[in-house]
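The values are calculated or read from the model by the stated rules, or taken from the named source; none is laboratory data. Small disclaimer: the values here were computed from a predicted structure and weren't measured. Here the Cβ positions follow ideal geometry from the backbone for every residue, glycine too, while neighbour counts run over all protein chains shown.
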Amino acid sequence: MRPEKIMITDGVELNYLRLDKFKVNSISVDFFLPLTEETAAANTLLAKVLRRGTEKHPTKKEISKYLSSLYGADFSVVTSGDALNHFTSFSAMTLRSDFTDGMNVDTEILSLIKEMIFTPCREDGKLSEKYIEGERKNLIDRIRARKNDKDSYSQSRCLEILYGTQRKVIPVYGREETVAAVTEADLEAALERLVKNAYVVVYYIGSTAKEEIISSVSDMFAGVGRQPCAIGKTEPFIHKDKPFSTVEKMDVEQCKLCVALTSGINKKSAEYPAYRLFLNVLGYSNIAKLFMNVREKMSLCYYVYPSQFSNGVCVIMAGIDGKDAKKAKKAILKEISDCQKGKISEEELSASKQYIIDGTKNDSDSPLFYKKWYYSEVFFGPTLTPEEYADAVGKCTLDDVVAAANKVKEAHTFLLSGEDEENV
């Protein structure tokens with residue numbers, strides 16, 4: 001079961017998957033542009049301004065009222081990005097027409113997205129200054145508040161410093177000073193890029209007939225002269241130099257230790273199922289090695305878990321006392337080394353397989369799961385279906401897992417500490 005890819009027009013693709021088993025449908029229209037220092041702030045601010053109102057629904061209150069009339073459709077506009085791409089996503093979860101007295105909420109949502117992009121709220125022909133200034137303040141506050149979530153900040157800093165060894169790292173939201181400098185004319189230029197130059201990926205998972213979705217998406221871009229960009233493809237990140245460490249001081253009650261690992265394995269790699277099993281054995285359950293040994297037996301951390309990224313990087317995150325930093329890192333690396341040496345019990349391997357297989361089955365109880373699952377194909381091309389993935393995990397041997405584990409290399413250790421640690 002894989003979405004059907006349909007090219008609507010130049011640089012606009014629809015990925016359609018007919019599923020009638022859910023009460024709700026998932027729809028998203030995502031605009032991809034190159035991530036650059038010069039445009040990141042304007043692109044992000046524009047998305048927030050567009051969400052505030054349209055000519056037909058000029059305020060957030062009126063948009064909210066309209067969404068309520070669409071049987072409480074859950075609608076959002078978010079910006080995100082990776083090393084190469086900046087993307088703006090308009091998405092919604094909607095009720096099936098069986099539960100809406102025949103109203104097709106999906107096509108109504110697509111019409112609303114068209115309004116936001118092509119007829120945004122204007123005052124004297126310009127984008128609303130009130131909305132621009134309000135969203136500028138909100139975005140600057142969000143950038144300033146980045147340090148408030150110490151786990152997220154530490155992980156981000158760990159990756160920024162690591163990636164910075166090979167390329168310039170560009171903040172997806174822009175920098176405080178670039179957001180402050182964005183003008184109305186900059187936002188008009190960003191809107192033109194969105195309409196004419198973005199590569200557009202529409203994902204639909206639900207029960208509305210394909211022809212109706214095609215018609216609505218086609219109508220959205222009818223008559224638009226487009227020169228779309230290409231989506232930057234995600235390649236595995238490989239750290240070729242020796243492992244290194246960074247210590248950043250901050251007034252924190254609990255120190256944050258991040259150990260970044262590279263593997264060269266992404267979702268398209270043949271080793272991916274075995275790699276996911278390795279990560280599960282290492283840290284995704286209550287019998288995982290990091291939990292059982294580093295946290296429970298050695299009491300070196302308050303919590304410890306791995307976070308996986310699409311470029312083959314994994315970050316082991318731990319909350320620790322500063323005095324235990326070196327011991328905790330050594331203990332984490334030992335658990336990885338044990339996996340690489342094949343020191344994985346049959347119980348650990350079997351439990352990890354079941355955890356992944358059951359998790360894949362349970363998560364597939366929502367259309368949003370399928371969108372998230374297949375979304376990676378935008379960057380990688382065709383990957384395994386959820387069913388193929390679960391089957392591949394079940395067939396993995398201990399040797400497969402050990403081979404995948406041995407592709408993992410230590411790259412960068414980051415410590416956020418309130419103490420005078422010089423290294424870790």
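Values as computed for the structure displayed
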read-out: Residue in the stretch 263-270 that is in the same structural domain as PHE379 (by TED's automatic domain parsing) and not in a loop (DSSP other than H, G, I, E, B) present; value: no
read-out: Residue in the stretch 370-398 that is surrounded by the most Cβ atoms within 10 Å (Cβ to Cβ), counting only those that are outside any helix (DSSP H, G or I) and modelled with pLDDT of 95 or more; value: CYS396
read-out: Selection within the stretch 348-393 - within 15 Å of LYS268 (Cα to Cα) and either in contact with a helix residue (DSSP H, G or I) (Cβ under 8 Å, 6 or more places away or on another chain) or polar (S, T, N, Q) (or both); value: TRP373, SER376, THR383, LEU384, THR385, PRO386, TYR389, ALA390, ALA392, VAL393
read-out: Selection from the stretch 238-261 of residues that are in contact with a Gly (Cβ under 6 Å, 6 or more places away or on another chain) and within 21 Å of PHE379 (Cβ to Cβ); value: ILE238
read-out: LYS56 of a type outside the set (Ser, Thr, Tyr), loosely packed, with under 15 Cβ neighbours inside 10 Å, touching a residue at least 24 places away in the same chain (Cβ under 8 Å) and not in a helix (DSSP H, G or I); value: yes
read-out: The stretch 27-51, residues that are closer than 13 Å to PHE75 by Cα and among the acidic types (Asp, Glu); value: none
read-out: The one condition in (1) touching a strand residue (DSSP E or B) at 6+ places or on another chain (Cβ under 8 Å); (2) under 30 Å from PRO243 (Cα atoms); (3) small (Gly, Ala, Ser) that SER128 fails to fulfil; value: (2)
read-out: Condition met for LEU19 (farther than 19 Å from ILE213 by Cα and touching a strand residue (DSSP E or B) at 6+ places or on another chain (Cβ under 6 Å)); value: no
read-out: Matching residues in the stretch 369-401 - criterion: being among the β-branched types (Val, Ile, Thr) and in contact (Cβ under 8 Å) with a residue 60 or more places away in the chain; value: VAL378, THR383, THR385, VAL393, VAL401
read-out: Among the residues listed as TYR355, TYR305, TYR275, the single one being among the aromatic types (Phe, Trp, Tyr) and outside any helix (DSSP H, G or I); value: TYR305
read-out: Subset of the stretch 249-270 that is within 21 Å of TYR305 (Cβ to Cβ) and in contact with a Phe, Trp or Tyr (Cβ under 7 Å, 6 or more places away or on another chain) - its residue that is surrounded by the fewest Cβ atoms within 10 Å (Cβ to Cβ); value: GLN254
read-out: Total residues in the stretch 142-179, condition touching a residue at least 12 places away in the same chain (Cβ under 8 Å) and farther than 20 Å from THR88 by Cα; value: 17
read-out: Inter-residue pairs, beta-carbon under 8 Å, first more than 11 Å from MET317 (Cα to Cα) and among the basic types (Lys, Arg) and in the stretch 413-424, second surrounded by 13 or more Cβ atoms within 10 Å (Cβ to Cβ) and at pLDDT 95 or above, 6+ apart; value: none
read-out: Number of positions in the stretch 236-250 that are in a loop (DSSP other than H, G, I, E, B) and of a type in the set (A, V, I, L, M, F, W, C); value: 3
